[in-house]
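For reference, the structure is listed below as structure tokens.
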Amino acid sequence: ANDSIKETEHNELFALNYELWLDDAKAIYTELNSFYDGLSSKKIINHEKLQAGVYKTTYENGQYVIVNYNQTRVTIEGKMIEALGYMTGGDKT
């Protein structure tokens, strides 16, 4: 991918071609917009470290986000989260 060398020791080789990212950006925006819809009035009730570089934020309605800040993928709750990726879950109530 065009972003595969971003934030590596090869940053000087990074060439921005935003058109290649538009579909990815749109998909991420759509997913997160749907997830966060209605959360603006919800309180965060828990923020916990699950393992080194992996954190889970839980909202009062039961929805949560798990973020992997590591440079390698991890498995959490039986699901793989890519490096620098995230996973959402919980029920909207």
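Read-outs: derived from the displayed coordinates by stated rules, not from any lab. In this text the structure is predicted, and so the values were computed from the model without any measurement.
Things worth noting here:
- Where the alpha-carbon atoms of segment 39-93 are placed on the principal axes, they occupy 33, 16, 16 Å, in descending order.
- Using 0.36 nm per residue and subtracting the Cα-Cα separation, the extra length available between residue 27 and residue 48 on full extension is 4.9 nm.
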